[in-house]
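Have a look at the structure below, then the notes.
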Amino acid sequence: MKQTVIRILTLLSRVLFHVMAVLFGIVLVGGMILRENSESITPMLNQKSYIVVDTGDEDFEEGDDQYFTSDKSSVAEMKEYTGELIEEIAAGGVALLKNENNVLPMDEGDTVSFFSVSSADVVYAGGGSSGANTSGVVSLRDGVKAAGLSVNENLWNWYSSSSTIEKYGRGEAGNQFNLSFAIGDASWSEIASDAKENRNDTKGGVAVFVLARNGGEGKDISYANDLDYLTDTVDDKPVDYTNGDYLQLSAKEKDVLSNLKRLKEDGVFSGIAVLINSAYALQCDFADDPAYGIDSVLWAGNWGTTGAYAIGDILAGKVNPSGRITDTFWEHNYLNPVLANFEIANYNEVLTDMEKTGEADGGTNKYVVYQEGIYNGYRYTETRYEDYVLNQGNAGAFDYGNTVSYPFGAGMSYTTFAYSGFDVAYDDRTDEYTATVTVTNTGNVAGKEAVQLYLQKPYTAEDKENGVEKAAVELVGFAKTGLLDANGGENDSETLKIVIDGEQFASYDATHPNADGTTGTYTREAGTYYLTAATDAHAAVNNILEKKATAQQKERMDQPGDAGLVKGFDLAADYTKYAVSSVTGNPVYNQFSNADLNLYAGKGGNSVKYISRSDWEGTVKYGTDASGADLGNEVKITATPQMKSDVAIPTISPDSTPYPLYGEAPVYSLVDLRLDEIPYDDEMWEIFLDQLSWDDTVRLLSAGQRKTLAISDPINKPETIDHNGATGPVKEYNNNEENNYGLAVKNNDPDKGTTPNIYPCNGLVASTFDAALVEEFGKAMGEDCLWAGYNGLYGTGVNIHRSGYGGRAFEYYSEDPVLSGEIAAAEVRGIQSYGVYCYMKHCVLNELENNREGLCVWANEQTIREVYLRAFEIVLKPVENGGGGAWNVMTGFNRLGLEWNG
Amino acid sequence: MKDFFGSKAVGFYVSAAAAVLTLATLIVYVLYGTVGGGGRYFSPVALTFLILSIAAFAGMCIFKVTAPWAGFVQAAFLFVSFLVCLYTCYRYFTEVFYGGLTAQAFSMMNKYFLAMLILYFLSVIVSQVGAEMRQRKQSQPQAAQADGYSAAQ
């Protein structure tokens, strides 16, 4: 017995020894790992990583540490104010694209019958880091009733019931990696019969069909059988895309619309309106399809918490729509040549076996080529149209009407406007062109008008020789009137003034030899340049054609233009004025040759034939045919040994560059630099930064996700909260409460646990074409950040809508870089006026979500500079140079060519 | 050789199996660090302790004096190697599983890394078991002592 006990105890002690040894090892290594990551773990556990010590400054007065103040007294009041601005943005941004048979506006008391599950389950925001809490949103029903209209309650109750939404809805927008791409909805036979055809309920009112599409971070939208991320079902719902395209009407949607037409013909409805609830440009072949009999089309993007009030007002005619779409809406998506090279491709062999740089589906061994060059969106459609009219450039039988449903900048009104007195004056002292035009309301209803200024540069023989492409028109400026009275009223006209820089007349020539031996710069070729004021991009081209085309050529135009709204300038060539940055004074030369597959030294036998207006038929490729079948037109890249070498993240070796100083004697605390605006290149900053130790510098740089760290002596910098998102603050007002110095936490506001209002998608912000309104909107957002304790905002987003299929299109403004940049600049000026620094994102060429981590993006320098970096350039320029003055940039995950953005 | 193996207990063979597994781990680890894309997740220190683990076992099991401790020392070096390896490569897990523990993430893991990890686990476990087992057979008492006659003689 005794021996047995001894044996058992011995065994136990041995087992315990091993267990303790293993635990010791785990604790040892685990402790090291935890210490290394303490900066990230501490806030996750809602702990403070620092303490604030009152050093007893006698001069300190209460409020001294509040550098920016709010005139709101509570979260509730703040949200009420932002709600008003959101409504104003929606009111000014919703675009009326079609309106026949006087269906809209409706009369007071008229009944709206909302169709589609999306009418009750609106897409308020995209998914991912800008995903938002939908509690407190105003429904379409409430928005419409507030405007004095009635709602078909029976139908609404059916659609809004939880059983309907669960069965026919698309599922939640969710967070990153959990997006729902089901279209869902109920077919006509599935809708409760007593709700859909009851004349007592519909009262001969208007049927409003809500057409919604979702999207968000992490995944692109399915196009043409691109089902890499989908199977036969999505969220347990069968994939019901037409031709594999998420942005086309589904069979159920077509079914409902065709039945609505039948009921309209029977007098059950007076008209049919489609309300597009999508930040992604839908294929709009349905709009004029006689099978559906659609009278009106409104585009409203994602309209935010209170935008439904504006929609109600627009339907009721209390607000006259004045928005202009910021993308081309295609008649048939397959005719967009961008889509030939939109999807991710694999190199013929892997470039590297190196670890994934982020998500499991990293993009290191994948690529995309911007084969379309500058010809994205209207730059393609309008340019090829012009060349078709002028019968040049091998334009072929380009059918504009079958290609474009609604051009960039399109939008109607309940009234009409006339432009007159268009003139442009040039000031050679400032190299600025000032365009003026008088807008007169010629209709019966008050309204606002957004005037767009377009520029045409001559496409010369030198351009063709040097591979410089020029679009037929480019937006260079815009302005919006105030509310103009109905014709004959006291204020029925307004003269607008739009000032543009002469540097907009230059184009980037990557082959130009510079005097200092470098290559590539901005040049202005000799020729005739045209400026025109227009209602949209297509009207702009037609205006210019009206001025310069021959009578025979004009026969090929699809509508007449107004030559009186065009001013021509014969300019001489200039290869030096714009070869230097107007902001920094630094010479401009090629920086991105390695991102151009034709110029990259290690290209081997690879090359790209970019789309060129010198040969449309020879260079335009389509991704699929009309049936959705893949044409296999993507650029194929064969990996070369140098690519495999260049794709690796380089090891930084010491060189002769002078090393920054670290750990210098303490001189300044951060608080010493707060008074008076000290220029960024002032010596004080150098002295201040030199105080940082090496270790603190490493900590600051390596633990910067959603914050910057607190650094004690000698700089005494508090921890900051930097958070999402691109469309506005999304986190609770008391997020990271231990380190949150926002007003909601400071005042212990009873609503501090709530989230801010949902802000509209950036496309809707841009579609106002109203920089002044957007700046006010930005101020409201900045003040909201003050309440939420945001020091920095991960926004706004200024990547480009390269097509409607980019997952984060809802965070970006437009397919046009000038509109994107100017609107973003206005918004950022507003936000930063409250001391919130904006991280402009994602720099650069981050138009795709799939495999974004490490994805190799190939594009030529002219395209990068004139399209994809242009918006960043505008928003980052100092305010005194007409820019947004943004303080921060967030890089993209992707590569430029083979070189990582970071 | 017959005497050598004749004197070995079961623990020796378990530790020997651990040594073979350790050798396999070492080979895969070297492949991971050279052609397998190991990069910054490869630790020469971990590799060194792997070698020490095998060498210690091979060297110590030869001599009678050190043989009883061969398995233990082997297990100790191997465990240290494992800890160093974990410390070096834990960030790889955070990168691969950034989006969660999904089947897709598992399928995308570096195959060398996965194999190395599995072999490491097996080696550690087997070596720990072997360390606890007797490495040499115990000497048997003489027959005369058993019946009490030889002492008297």
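Summary table below
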read-out: Any hit, the stretch A:657-664, residues being without any contact (Cβ under 8 Å) to a residue 12 or more places away in the chain, open to solvent by 100 Å² or more (accessible area, probe 1.4 Å), over 18 Å from A:Lys717 (Cβ atoms) and of a type in the set (S, T, N, Q); value: no
read-out: Filter result for the condition that a residue is touching a residue at least 40 places away in the same chain (Cβ under 8 Å) and of a type in the set (Asp, Glu), over A:Glu880, A:Glu815; value: A:Glu815
read-out: Extreme residue, farthest from the other protein chains (Cβ to nearest Cβ), among residues of the stretch A:1-46 that are in contact (Cβ under 8 Å) with a residue 12 or more places away in the chain and surrounded by 12 or more Cβ atoms within 10 Å (Cβ to Cβ); value: A:Pro43
read-out: Matching residues in the stretch A:428-458 - criterion: being free of Cβ contacts under 8 Å to residues at least 60 places away in the same chain and not in a strand (DSSP E or B); value: A:Asp428, A:Arg429, A:Thr430, A:Thr442, A:Gly443, A:Asn444
read-out: Selected residue (criterion: modelled with the lowest pLDDT) from residues of the stretch B:77-109 that are in a helix (DSSP H, G or I) and out of contact with any helix residue (DSSP H, G or I) (no Cβ under 8 Å at 6 or more places or on another chain); value: B:Gln104
read-out: Subset of the stretch B:89-137 that is among the charged types (D, E, K, R) and within 11 Å of chain A (Cβ to nearest Cβ) - its residue that is nearest to B:Ala76 (Cα to Cα); value: B:Glu132
read-out: A:Gly804 being within 28 Å of A:Leu455 (Cβ to Cβ) and modelled with pLDDT of 95 or more; value: no
read-out: Failed criterion for A:Ala425 (all others in (1) free of Cβ contacts under 8 Å to residues at least 12 places away in the same chain; (2) under 24 Å from A:Gln552 (Cα atoms); (3) hydrophobic (A, V, I, L, M, F, W, C) hold); value: (2)
read-out: Residues that are open to solvent by less than 30 Å² (accessible area, probe 1.4 Å) and part of a strand (DSSP E or B), drawn from the stretch A:709-730; value: A:Ile711, A:Thr720, A:Ile721, A:Asp722, A:His723, A:Asn724
read-out: Whichever residue in the stretch B:64-88 is within 9 Å of chain A (Cβ to nearest Cβ) and among the small types (Gly, Ala, Ser) and, among such residues, is farthest from the chain's Cα centre (by Cα); value: B:Ala76
read-out: Residues of the stretch B:110-123 classified as at pLDDT 90 or above and open to solvent by 60 Å² or more (accessible area, probe 1.4 Å), total; value: 3
read-out: Some residue of the stretch B:90-112 being in contact with a Cys (Cβ under 7 Å, 6 or more places away or on another chain) and of a type outside the set (Asp, Glu); value: no
read-out: Odd one out for A:Asp235 among (1) touching a strand residue (DSSP E or B) at 6+ places or on another chain (Cβ under 7 Å); (2) modelled with pLDDT under 80; (3) of a type in the set (Asp, Glu); value: (1)
read-out: Matching residues, the stretch A:366-401, being closer than 27 Å to A:Leu855 by Cβ, in a loop (DSSP other than H, G, I, E, B) and open to solvent by 10 Å² or more (accessible area, probe 1.4 Å); value: none
read-out: Cβ-Cβ under 9 Å pairs, at least 6 apart or on other chains, the stretch A:819-840 side in a loop (DSSP other than H, G, I, E, B), far side basic (Lys, Arg); value: A:Ser833/A:Lys779; A:Tyr834/A:Lys779
read-out: Hits in the stretch B:66-85 (condition: more than 13 Å from B:Val124 (Cα to Cα) and open to solvent by 50 Å² or more (accessible area, probe 1.4 Å)); value: B:Pro68, B:Trp69
read-out: Qualifying residue in the stretch A:74-89 (condition: in a loop (DSSP other than H, G, I, E, B) and closer than 30 Å to A:Asn152 by Cα); value: no
read-out: Cross-chain or 6+ apart pairs with Cβ under 6 Å, the stretch A:335-357 first and within 14 Å of chain B (Cβ to nearest Cβ), then at pLDDT below 70 and part of a loop (DSSP other than H, G, I, E, B); value: A:Lys356/A:Gly362
read-out: Failed item, numbered, when A:Gly109 is tested on (1) surrounded by fewer than 17 Cβ atoms within 10 Å (Cβ to Cβ); (2) in the same structural domain as A:Ile311 (by TED's automatic domain parsing); (3) touching a Gly at 6+ places or on another chain (Cβ under 6 Å); value: (3)
read-out: Residues that are more than 14 Å from chain A (Cβ to nearest Cβ), assigned to a helix (DSSP H, G or I), open to solvent by 10 Å² or more (accessible area, probe 1.4 Å) and of a type outside the set (A, V, I, L, M, F, W, C), drawn from the stretch B:6-36; value: B:Gly6, B:Tyr13
read-out: Subset of the stretch B:37-60 [within 14 Å of another protein chain (Cβ to nearest Cβ) and either hydrophobic (A, V, I, L, M, F, W, C) or touching a His at 6+ places or on another chain (Cβ under 6 Å) (or both)]; value: B:Phe42, B:Val45, B:Ala46, B:Phe49
read-out: Subset tally (residues that are open to solvent by less than 30 Å² (accessible area, probe 1.4 Å) and in contact (Cβ under 8 Å) with a residue 40 or more places away in the chain) for the stretch A:682-707; value: 2
read-out: Hits in the stretch A:622-634 (condition: under 25 Å from A:Asn394 (Cα atoms) and buried (at least 19 other Cβ atoms within 10 Å of the Cβ)); value: A:Gly623, A:Thr624, A:Glu634
read-out: Test result for A:Ala308, of a type in the set (A, V, I, L, M, F, W, C) and either modelled with pLDDT under 95 or under 24 Å from the mean Cα position of the chain (by Cα) (or both); value: yes
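Matching residues to (1) open to solvent by 10 Å² or more (accessible area, probe 1.4 Å); (2) within 20 Å of A:Ala345 (Cα to Cα); (3) charged (D, E, K, R):
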position	(1), (2), (3)
A:Gly807	no, yes, no
A:Ser820	no, no, no
A:Ala825	no, no, no
A:Ile831	no, no, no
A:Gly835	yes, no, no
A:Glu849	no, yes, yes
A:Arg870	yes, no, yes
A:Lys877	yes, no, yes
A:Gly884	no, no, no
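Listed here are the residues, each with its yes/no results for (1) open to solvent by 50 Å² or more (accessible area, probe 1.4 Å); (2) touching a Pro at 6+ places or on another chain (Cβ under 7 Å); (3) not in a loop (DSSP other than H, G, I, E, B).
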residue: A:Leu599; (1), (2), (3): yes, no, no
residue: A:Tyr610; (1), (2), (3): no, no, no
residue: A:Lys636; (1), (2), (3): yes, no, no
residue: A:Ser645; (1), (2), (3): yes, no, yes
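The values are calculated or read from the model by the stated rules, or taken from the named source; none is laboratory data. Given the structure is predicted, the values throughout are model-derived calculations rather than measurements. FYI the Cβ positions are ideal-geometry reconstructions off the backbone, even for glycines, and counts take in every protein chain you see. To get the accessible areas, we keep the full protein, side chains included, count just its heavy atoms, and leave off ligands, DNA and RNA. Shrake-Rupley method; radii C 1.70, N 1.55, O 1.52, S 1.80 Å.
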